[in-house]
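Some notes on the structure that comes next.
The values are calculated or read from the model by the stated rules, or taken from the named source; none is laboratory data. Bear in mind the structure is a predicted one, so any value in this text is a computation, not a measurement. Glycine gets a Cβ as well: all are built from the backbone with ideal geometry, and neighbour counts include every protein chain shown. Heavy atoms of the whole protein, side chains included, go into the accessibility calculation; ligands, DNA and RNA do not. Shrake-Rupley method; radii C 1.70, N 1.55, O 1.52, S 1.80 Å.
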Amino acid sequence: LSRFYETLNLGNGFVALLSTEGNILARGPLVPGLIGSTTANTARFGAKLRQPSGAISFRAPLTGVEYIASFRRLQDYPLIVEVGLDSDTAFRQYWSLRNRTMLTGVAVTLAIGLIGTLWLHQKQRSVASRRALTITLETISQGILMVDARGRVPVANRRALDLLELSDETSAVAGKRAASRATDLARRDAANSTHMLPMTGSEATVEPSLSSRFETIRGDGSIVEVRSHTLADGGFVHTYTDVTEQRTADAQVRYLAHHDVLTGLANRVKLQEYIEEFLDCSTTAQSLTAFLMIDLDGFKGINDTLGHAVGDDLLVVVARRLQALVREGDFVARLGGDEFVIVQSALDQPEDAARLAQRVLQQLADPVQLGRHRVRIGASIGIAFHPKDGQDGEALLKNADIALYCAKANGRGTFRTFDVEMTRAVNERRLLESGLRQALDNRELEVHFQPIFDCKSLQITGFEALARWRHPTRGYIPPDAFIGIAEDCGLINRLGRWVMEAACTVAASWQPPCRIAVNVSPLQLRDGGLQDDIAAILMRTGLPAELLEIEVTERVMADDNKLVMDTLDTLKTMGVHIVLDDFGTGYSSLSYLQRFSFDKIKIDKAFVQGQANDRGVRVILQSILGMCRKLDLPVVGEGVETQQQLMMLRSCHCNEVQGYLLGQPMPAESVETLLRRDVRERCQDGASPAAPIKFELAS
Ligand code: C2E
Ligand code: CA
Ligand code: CA
């Protein structure tokens, strides 16, 4: 049997036949000494006995080779067949496969480890950035909300929920409601094209059809700006910004740019816009529209003397009165300072504008109580009509301004309607205005002196200083033509001071000493500094205060101004005489006599001259003179041109007279001659009148 086994090619393997007692009966290949040997005492044999078949591994005791063998016990014989292969051969393929598998396993494990680490790292980073994003979303002042195509809300910050008025909802409900509310908004945005605002600047780079911006007003009135961006998958992203403050500020800025803060009226900018709008509108262009340019008379004086706060209050009252006067649809604006404009549209006839102007004048003439001050103010108005007087806002306002200028030049408190002739007159006045400034600089002004006489003795008692403008090309310009201009353009104080200084300087040198009367504008008195100016001038020139008279007109008394009264009181205390000039031309002359104790009054030449032909005037003149005599108030009659006028005044016990009959205004040099001659004449007979000195006013 062993020899048969030898023929089998078993490589490094073997086939053996064993008895159930463990003796090796046959084996191939044959190993000498093995046949007949027993395996009964080996562990391997124990296993064979116990099982009918199986596999074992063992080490050959002789060769030391490791074998794997499989055995089977024969059924009908007490024999065991065992076939074995040395382990190396049996496992060669296995080992190589195992090695390959293990290598692959290690490589795969390494790769997985690497990928895992990377993934973990990535995950950590994404968690961190997600956390950063969450913090960012929760801290920014804008609300952000993303709604995907299926209506879910993957991103929404608290601010978004706040602005969508969902902050009280639980997070699960809030998400759903936010989605539906945002979808609603998006739908409204799409439906209502007026919501869409044009994109500007960098935003314009986003495809416009995908992005839009609109505003929505919440229940509490706050304004939320929504920027919507449609996503490719059909969802959208909304950002919400509370722009209430911004819009309020914008509105405020817009309001301030278009309104006068003090009065709340429209300002110049708004007026321009209004005019442009109205001119663009062809239907209104056909109808008649009036532009009333209103300027307050004497506002500067009030502002300067009572302070800007009172001035401001006055402007507010004026604005209110104007507003109350106009119809709905008319437009009132304040151009600045004390200038107002009313645009009165859709007129039937020009007279309607005149009527409104009249009403404005009446309303503004009413005294205004401002704190403890009772202020009286007037106004002048210039009117221009569209389309007659101009086709654009600039021309219309300019022409209304020209008409206003004429109204002022015509004594204020009136209105004038523009006509082309006015432009020339206004240019002329403007020329004088700029000329007057230079005249003061270039010493083109002069003071002339008109003698005042004792009515009975006809001796000179004093002189009135009268300003003259010696114009380089036009000759002498009379004061009536430039005093008003000086008052309007703020030169009157400078001019007044100059006249005062010049008059006092000349008068201080007169021998024998004579009184000098200087005219003072109401504006100088309202300025508040007149008494100091006069005190300084008296000091400089050495003229005794008792020789100075200041002549004020009833205009001074018209507004019951405390500062004016205080100034007059101070001057009187200083010894300066206060004379009420042009008495009788105002309305309430008599009441003025009660309010201030004047040293003298001057009866206006209109009475002196008018009495000759008008009995009524004569009676008034006589009454005034009689009353003043009773009050012990000296009276000067001015404008005496005829013997009759002189006689009349004499018969009524007038104290002093002044007029061309006795002496015209003359330059300082002539005064000296006159005074010397007067003294000589007085020495001779003491009663003859000073011969009228012929002095022609060059103009
Ligand atoms: P007024 O104060 O009433 O001055 C008298 C004016 O009557 C003077 O005119 C004088 O020349 C004029 N006059 C005198 N006698 C007669 C006469 O017999 N017949 C006529 N028809 N007129 C006579 P004048 O110099 O043209 O001054 C006009 C006005 O200008 C003055 O009226 C006065 O209100 C104002 N004025 C003149 N100088 C000054 C000044 O320095 N300061 C101020 N604030 N006003 C002045
Ligand atoms: Ca006078
Ligand atoms: Ca006078």
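So the values come out like this:
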| item | result |
| --- | --- |
| The stretch 387-403, subset within 11 Å of PHE418 (Cα to Cα) and over 31 Å from the mean Cα position of the chain (by Cα), residue surrounded by the most Cβ atoms within 10 Å (Cβ to Cβ) | ALA403 |
| The stretch 17-39 residues that are among the acidic types (Asp, Glu), paired with ones that are at pLDDT 85 or above (beta carbon under 9 Å, 6 or more apart) | GLU21/THR38; GLU21/PRO78 |
| Output for the stretch 422-452, where each listed residue is of a type in the set (A, V, I, L, M, F, W, C) and not in a helix (DSSP H, G or I) | LEU445, VAL447, PHE449, ILE452 |
| Count - residues of the stretch 152-169 that are part of a helix (DSSP H, G or I) and either open to solvent by less than 60 Å² (accessible area, probe 1.4 Å) or farther than 21 Å from GLY219 by Cα (or both) | 4 |
| Cβ-Cβ under 6 Å pairs, at least 6 apart or on other chains, the stretch 658-673 side farther than 18 Å from ASP454 by Cβ and away from ligand 3 (no atom under 15 Å from the Cβ), far side in a helix (DSSP H, G or I) and of a type outside the set (Phe, Trp, Tyr) | ALA668/VAL506 |
| Top-ranked residue of the stretch 555-584 - restricted to ones that are of a type in the set (A, V, I, L, M) and assigned to a strand (DSSP E or B), ranked as farthest from ligand 3 (Cβ to nearest atom) | ILE578 |
| Set PHE418, PHE449, PHE482: member being among the aromatic types (Phe, Trp, Tyr) and more than 16 Å from ligand 2 (Cβ to nearest atom) | PHE418 |
| The one condition in (1) within 12 Å of ligand 3 (Cβ to nearest atom); (2) hydrophobic (A, V, I, L, M, F, W, C); (3) crowded, with 17+ Cβ neighbours inside 10 Å that ILE550 fails to fulfil | (1) |
| Of all residues making up the stretch 572-617, the number that are within 16 Å of ligand 2 (Cβ to nearest atom) and among the hydrophobic types (A, V, I, L, M, F, W, C) | 11 |
| Identity of the residue in the stretch 61-97, open to solvent by 90 Å² or more (accessible area, probe 1.4 Å) and assigned to a helix (DSSP H, G or I), that ends up nearest to GLY33 (Cα to Cα) | ASP88 |
| Any hit, the stretch 629-637, residues being within 13 Å of ligand 1 (Cβ to nearest atom), over 30 Å from GLN531 (Cβ atoms), within 60 Å of the chain's Cα centre (by Cα) and buried (at least 17 other Cβ atoms within 10 Å of the Cβ) | no |
| Those residues of the stretch 419-441 which are open to solvent by less than 20 Å² (accessible area, probe 1.4 Å) and either without any contact (Cβ under 8 Å) to a residue 12 or more places away in the chain or within 19 Å of LEU356 (Cα to Cα) (or both), in sequence order | none |
| Residue pairs meeting the criteria (Cβ under 6 Å; at least 6 apart or on separate chains; first within 17 Å of ALA606 (Cβ to Cβ), in the stretch 623-650; second within 15 Å of ligand 3 (Cβ to nearest atom) and charged (D, E, K, R)) | VAL636/LYS602; VAL636/GLU656; GLU638/LYS602; GLU638/LYS605; GLY639/LYS605 |
| Matching residues in the stretch 313-336 - criterion: being acidic (Asp, Glu) and open to solvent by 30 Å² or more (accessible area, probe 1.4 Å) | ASP313, GLU328 |
| Number of the condition not met by GLU672 [criteria: (1) crowded, with 18+ Cβ neighbours inside 10 Å; (2) more than 58 Å from the chain's Cα centre (by Cα)] | (1) |
